[in-house]
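To start, the structure under review is shown below, and the notes come after it.
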Amino acid sequence: MRTTDMYLRSIGVHLPPVVSIETAVAEGRYPSDEMEYFRLGGAAVAGDVPAPELALRAARQAFERSGGISPRDLDLMLYADVWHQGPEGWEPHFYLQQHLVGGDVLAMELRAGCCGLFSALRLAAGYLRPGGTALLVGADNHGTPLVDRWRMIEGAVVGDAGCALLVTTDTGFAELRSVNVTVLPEAEAVNDGGVPMFPPDATVGRPLDFAARNREFRKRMLDSDGAGLMLSIQKTQIELVERTLKEAGITLDEVARVAFTHGRWDDLEHRGMNWFGLTLADTTWEYGAGIGHLGVSDQFVALDHLLAVGALAPGDYVLLVGTGAGTTMACAVLRILDIPAEYTSGGPR
């Protein structure tokens, strides 16, 4: 989708303290024999801070950085997540309405896997009218009894974070040039592990182990047309990136940095970067390896980091690429127009 007059006004991020991989090994949480190969740094761990509170803190920072936008100015609020947010039957976006934005704004929760914030961008781009403003929030705290953040995903660890994007139709520090989200339905079973759909996992205390579920899915693929499905995933992602770049009016050579989902480096190298002629240095992998896979927030927290360390300049293009259960794939192109004061020396952080 080619977008016009869509701008990123500010980013808010709440990243909890990082527990190092060395600490996890010393505590027997992470296998020591995998340290050298996977080269991970650690995971951001929120402890007992609820995910909606992470979201609220990130949203408040986004408003503080917005240059005067008020929660009363919102036309839309979308709350994206992948893991349980609080009491069953309770809605997390209502927490932000209670403590920040009030009850008049249209608000809803999105469950679109790890591409949730991309889906929120796509919806906001179709919903906002001239003069409109949207708050897009993503938050997850995975530190619950049904998750082992250090072993749940082979070659990666899972972190916690809150991330908020203020999107407007008038002006901002970055222009959204294009955003797309697509699903490969024939791969929807990649994370089901062959377990029953009913009763749901959480209601029977079944742990979430993506490593085991992915192995089970690969076994099913080998017993059927696995090669064809893998080729379809590769072809779909390449076509999605090419279409998004074309809609943005640029080529990959014009992109300054690329942010992928925070995952294992060898998967990124063999199934991502090699397809596009990129190196790890072109991506935000190293940063992501130090904080973990954050659910819905990876690419946007990484964008905040690139701005904070001075890795981007006005005129730069940034490519954001997402993958998730479904199998869902997403892509967006941003053009940096200005570097906000909070990212420059002496500016508020």
- Can you name the strands (runs of 3 or more DSSP E) wholly within segment 1-59 that have at least 1 residues being of a type in the set (Val, Ile, Thr)? 7-14, 18-20
- Message: For the condition surrounded by 17 or more Cβ atoms within 10 Å (Cβ to Cβ), on the phi > 0 side of the Ramachandran plot and in contact (Cβ under 8 Å) with a residue 24 or more places away in the chain, what is the one hit in GLY42, GLY12?
- Response: GLY42
- Message: So the check is Cβ under 9 Å with 6+ separation or different chains; which pairs have a first residue in segment 62-77 that's over 21 Å from LEU117 (Cα atoms) and part of a strand (DSSP E or B) and a second one that's at pLDDT below 95 and open to solvent by 70 Å² or more (accessible area, probe 1.4 Å)?
- Response: none
- Message: Which residue is nearest to the chain's Cα centre (by Cα), if the candidates are limited to segment 75-84 and must be under 28 Å from THR261 (Cβ atoms) and open to solvent by 20 Å² or more (accessible area, probe 1.4 Å)?
- Response: VAL82
- Of (1) crowded, with 20+ Cβ neighbours inside 10 Å; (2) modelled with pLDDT under 95; (3) out of contact with any Lys or Arg (no Cβ under 9 Å at 6 or more places or on another chain); (4) not aromatic (Phe, Trp, Tyr), GLN237 satisfies all except one. Which? (3)
- Considering residues that are under 12 Å from VAL13 (Cβ atoms) and among the aromatic types (Phe, Trp, Tyr), the number found within segment 297-349 is 2
- Could you list all residues from segment 315-337 that are open to solvent by 10 Å² or more (accessible area, probe 1.4 Å), under 25 Å from GLY193 (Cα atoms) and either of a type outside the set (Val, Ile, Thr) or out of contact with any helix residue (DSSP H, G or I) (no Cβ under 6 Å at 6 or more places or on another chain) (or both)? THR323, GLY324, ALA325, GLY326
- Query: Restricting the search to segment 270-309, which residues are of a type in the set (Val, Ile, Thr) and surrounded by fewer than 20 Cβ atoms within 10 Å (Cβ to Cβ)?
  - Reply: THR279, VAL309
- Item | Set ASN180, ASN141: member being touching a residue at least 60 places away in the same chain (Cβ under 8 Å) and either among the aromatic types (Phe, Trp, Tyr) or farther than 26 Å from TYR95 by Cβ (or both) | ASN180
- Task: Given the conditions (1) assigned to a loop (DSSP other than H, G, I, E, B); (2) open to solvent by 50 Å² or more (accessible area, probe 1.4 Å); (3) closer than 17 Å to ALA248 by Cβ, report the number of the one that LEU312 does not fulfil.
- Result: (2)
- Item | Which listed residue, of LEU74, LEU54, LEU8, is within 14 Å of LEU96 (Cα to Cα) and out of contact with any helix residue (DSSP H, G or I) (no Cβ under 8 Å at 6 or more places or on another chain) | LEU54
- Of all residues in segment 89-123, how many are more than 17 Å from ALA325 (Cβ to Cβ) and either touching a residue at least 60 places away in the same chain (Cβ under 8 Å) or in contact with a Gly (Cβ under 7 Å, 6 or more places away or on another chain) (or both)? 4
- Message: What's the total number of residues in segment 299-312 that are aliphatic (A, V, I, L, M) and out of contact with any strand residue (DSSP E or B) (no Cβ under 7 Å at 6 or more places or on another chain)?
- Response: 3
- Task: Quickly run through segment 248-265 and pick out the residues that are open to solvent by less than 30 Å² (accessible area, probe 1.4 Å) and in a strand (DSSP E or B).
- Result: VAL255, VAL258, ALA259
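The values are calculated or read from the model by the stated rules, or taken from the named source; none is laboratory data. It should be emphasised that the depicted structure is a prediction, and the values quoted were computed from it without experimental measurement. No Cβ is skipped: glycine too gets one built from the backbone with ideal geometry, and neighbour counts run over all protein chains shown. The area values use the complete protein model at the heavy-atom level, side chains included, leaving out ligands, DNA and RNA. Shrake-Rupley method; radii C 1.70, N 1.55, O 1.52, S 1.80 Å.
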